[in-house]
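Engineer: Following this message is one structure expressed as structure tokens.
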Amino acid sequence: MRWNCKDKPMTKRTENDWTLPTKLVRGGTMRSEHGETSEAIFLTSGYAYDSAEQAAARMSGDEEGYVYSRYANPTVRMLEERLALLEGAETCRIAASGMGAISTALIAPCSAGDRVVAAKALFGSCRHICSTILPRYGVETEFVDGNDMAAWEKALSRPARLVLIESPSNPLLEAVDIAAVAELAHKAGALLVVDNVFATPVLQKPLELGADIAVYSATKHMDGQGRVLAGAILGRSEFIEEFIDPWLRHTGPAASPFNAWVVLKGLETLDLRVRAASATAASLADALVEHPSVARVHYPGRSDHPHHAIHQKQMEGGGTLIAFSIKGARAEAFRVLNALKLVDISNNLGDTKSLACHPCSTTHRALSEEEQAEMGLDESWIRLSVGLEGVDDLKRDLMQALDAI
Ligand SMILES: *Cc1c(COP(=O)(O)O)cnc(C)c1O
């Protein structure tokens, strides 16, 4: 069987009717003439042609087919097909990292004179692109409090090109009402980009809620086993072909076919892993609330979360992350982290191994104290990414660490 860029998976006609677990295991699979059951890794940068005429036709686009792996690769294409299917998107493109994908989604559609409106609570590098990089190229950016609908209305009373939000947000797991912001964004002529890393496509579907573009760090839950970096952009074909494809082709943040393969295999267990880790997280959040050294717990699945109603409306379940604050400040938070015996101290997340970090001194250290305060963040907060260890082991570890202060 000869493959080319536009090859549809063999089962395309029935794929859309599959439930999520089936899409995750079988979506986008293309088999070679060898009939392999596991997706093949095409670790190749180039492609050979049957004739000089064919080479010319491929390069001119008259004949469909692979020409160079900076443009497209069969293993990467399988991952793109699988992700598009599970997100319900027309088209997906993979990049070498989450930021490779998100920076492309933000920069490629903008021209000097455009406006970008973003929520304040963003992943650090996303915030840096909006606050520092885009303005250097003549793109004006404005930050709003993601939960203040009046602020969104005011910011989007003027035309804008893009709106960027993250829900649940990092690190305090705040909710932004995706459907409501989508409506305002569209009135302003803007495209809504949602960074859906924390929710994963298992628990939240931004495109169904009205977003135009969903972006992911596949490094997190999609690989889910802490091995490779990758990112994804999902949206309408017209948008991807006009803005995203030329940018990816000519600037070159292409994912390694090997890394794409690792993510493909990771996706097969995404539903199982996310649901299991979420069940553990819900149980740990309940236990944390009871500990006398804990001041506050932010878990989207708990009814005492300040934005529980919005989370409940748009997200299924509470997810795999918990933020909790300790009675005290940096010294007490550090003491708890240093007393952990099972949970690792790491700024990564979405791993099978449970990981905890102190956002103020690590992931969010680039923000000024004022910017941190605007987000409701202070030195007392710890972010916990819940993995797949036994719930009793994790509970025991957290409780003994909290007892240390
Ligand atoms: C990790 C992360 C990113 C960046 O992804 P990389 O794969 O590390 O480049 C972007 N947004 C969120 C919410 C993340 O957690």
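The values are calculated or read from the model by the stated rules, or taken from the named source; none is laboratory data. The structure displayed is predicted, hence computed values, not measured ones. Using ideal geometry, Cβ is built from the backbone for each residue, glycine included, and neighbour counts are taken over all protein chains shown. To get the accessible areas, we keep the full protein, side chains included, count just its heavy atoms, and leave off ligands, DNA and RNA. Shrake-Rupley method; radii C 1.70, N 1.55, O 1.52, S 1.80 Å.
Engineer: Of the conditions (1) part of a helix (DSSP H, G or I); (2) open to solvent by less than 10 Å² (accessible area, probe 1.4 Å), V215 clears all except one; give me its number.
Structural biologist: Evaluating V215 over (1) part of a helix (DSSP H, G or I); (2) open to solvent by less than 10 Å² (accessible area, probe 1.4 Å) leaves (1) as the failure.
Engineer: Quick one: which helices (runs of 4 or more DSSP H) sit completely within the range 77-171 and have at least 2 residues that are modelled with pLDDT of 95 or more and either at positive phi or open to solvent by 30 Å² or more (accessible area, probe 1.4 Å) (or both)?
Structural biologist: Passing ranges, in order: 98-107, 149-155.
Engineer: Could you list, in sequence order, all residues of the range 127-144 that are touching a residue at least 40 places away in the same chain (Cβ under 8 Å) and out of contact with any strand residue (DSSP E or B) (no Cβ under 8 Å at 6 or more places or on another chain)?
Structural biologist: Scanning the range 127-144 gives a single hit, H128.
Engineer: Among the candidates A230, A260, A254, A182, single out the residue that is aliphatic (A, V, I, L, M) and farther than 26 Å from T75 by Cβ.
Structural biologist: So the residue among A230, A260, A254, A182 that is aliphatic (A, V, I, L, M) and farther than 26 Å from T75 by Cβ is A182.
Engineer: May I ask you to list the residues in the range 303-319 that are over 14 Å from S385 (Cα atoms), in a loop (DSSP other than H, G, I, E, B) and not acidic (D, E)?
Structural biologist: If the condition is that a residue be over 14 Å from S385 (Cα atoms), in a loop (DSSP other than H, G, I, E, B) and not acidic (D, E), then S303, H305, P306, H307, M315, G317 are the ones that fit.
Engineer: Within the set of pairs 6+ apart or on separate chains, which have a first residue in the range 254-265 that is in the same structural domain as Y216 (by TED's automatic domain parsing) and within 12 Å of R70 (Cβ to Cβ), a second that is of a type in the set (S, T, Y) and surrounded by 23 or more Cβ atoms within 10 Å (Cβ to Cβ), and C-beta atoms under 8 Å apart?
Structural biologist: Short answer, once both residue conditions are applied: P257/T75.
Engineer: Continuing with the same structure: May I ask you to verify whether I322 is in a helix (DSSP H, G or I) and touching a residue at least 12 places away in the same chain (Cβ under 8 Å)?
Structural biologist: no
Engineer: A further question on this structure: Would you be able to tell me the number of residues in the range 334-361 that are open to solvent by less than 60 Å² (accessible area, probe 1.4 Å), part of a loop (DSSP other than H, G, I, E, B) and not small (G, A, S)?
Structural biologist: 7
Engineer: Related question: What is the residue count in the range 260-302 for residues that are open to solvent by 40 Å² or more (accessible area, probe 1.4 Å), assigned to a helix (DSSP H, G or I) and either among the hydroxyl-bearing types (S, T, Y) or more than 19 Å from D393 (Cα to Cα) (or both)?
Structural biologist: Selection size over the range 260-302: 3.
Engineer: Also: Can you find, within the range 218-244, the residue that is farthest from the ligand (Cβ to nearest atom) among those that are outside any loop (DSSP other than H, G, I, E, B) and open to solvent by less than 10 Å² (accessible area, probe 1.4 Å)?
Structural biologist: Only one residue fits best here, namely I240.
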